[in-house]
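A short worksheet on the structure shown next.
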Amino acid sequence: MKKNSSYYFRLIHRYLGFYLVGIMAVYAISGITLIFRKDDTFKKIVIESKQLNPMLDSKLLGSQLKIKDLNFTENKGDLYFFNQGQYNMKTGEATYKVKKVPFLLDKMQKLHKATTKSPVYWLNIFFGVSLLFFVISAFWMFLPGTNVFKRGIYFSILGFIMTILILFI
């Protein structure tokens, strides 16, 4: 039996698909949850404490705690209160509330959003190239001229049109 390019595309498509099952699940889950990153759907409130320099003004405190537009609402002696918590001017201790996604989901989302500064950015590149391979190799999964292949081409055209429309909505 002569092995042609279709055979090798199908073989690589199959085993690369099995190999990437785990990471595809991670990207699917994190991609879906990232849609809700601007609201609190998956977040829980966590109380944090940080030891900072004493005598910080509200602007410096906000930048150190990564809280935008932090303003003191009141003070009682050395304790200065803001919407998310309190800051001790004398000791520099800040106790405040933050909204965080659960640990595992946070790890997934960070992997999904990795940049070249991340130690695993190469994984995103490999995964992206693999997805492009899946797109291309899908056209070698069935013999041209068969009904399955023809229907596949129609669905591909419809999917491409839908993608173009979504890009411009």
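A short reminder: the numbers here are calculations on the coordinates, not readings from a lab. Note that the structure is predicted; figures quoted are calculated from it, not measured. We place every Cβ from the backbone using ideal geometry, glycine too, and count neighbours over all the protein chains shown.
Filter the range 23-52 down to residues that are in contact (Cβ under 8 Å) with a residue 60 or more places away in the chain and of a type in the set (S, T, N, Q) and give me whichever is nearest to Lys97 (Cα to Cα). In this case the residue turns out to be Thr33.
Residue-by-condition table, conditions (1) more than 20 Å from Gln51 (Cβ to Cβ); (2) of a type in the set (A, V, I, L, M, F, W, C):
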{"site": "Gln86", "(1), (2)": "no, no"}
{"site": "Val101", "(1), (2)": "yes, yes"}
{"site": "Lys107", "(1), (2)": "yes, no"}
{"site": "Lys110", "(1), (2)": "yes, no"}
{"site": "Ala114", "(1), (2)": "yes, yes"}
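Please verify whether the range 47-70 includes one or more residues that are under 30 Å from Leu123 (Cα atoms) and out of contact with any His (no Cβ under 6 Å at 6 or more places or on another chain). Yes. Only residues that are more than 28 Å from the chain's Cα centre (by Cα) and either closer than 25 Å to Asn4 by Cβ or among the acidic types (Asp, Glu) (or both) were counted in the range 142-168, giving 14. Could you list all residues from the range 88-114 that are crowded, with 17+ Cβ neighbours inside 10 Å, touching a residue at least 60 places away in the same chain (Cβ under 8 Å) and outside any helix (DSSP H, G or I)? Across the range 88-114, the qualifying residue is only Val101. Is it true that some residue in the range 124-140 is within 29 Å of Asp40 (Cβ to Cβ) and part of a loop (DSSP other than H, G, I, E, B)? No, every residue in the range 124-140 fails to be within 29 Å of Asp40 (Cβ to Cβ) and part of a loop (DSSP other than H, G, I, E, B). Under the condition of being among the basic types (Lys, Arg) and either in a helix (DSSP H, G or I) or more than 30 Å from the chain's Cα centre (by Cα) (or both), which residue from the range 37-87 is surrounded by the fewest Cβ atoms within 10 Å (Cβ to Cβ)? Checking each candidate, the answer is Lys76.
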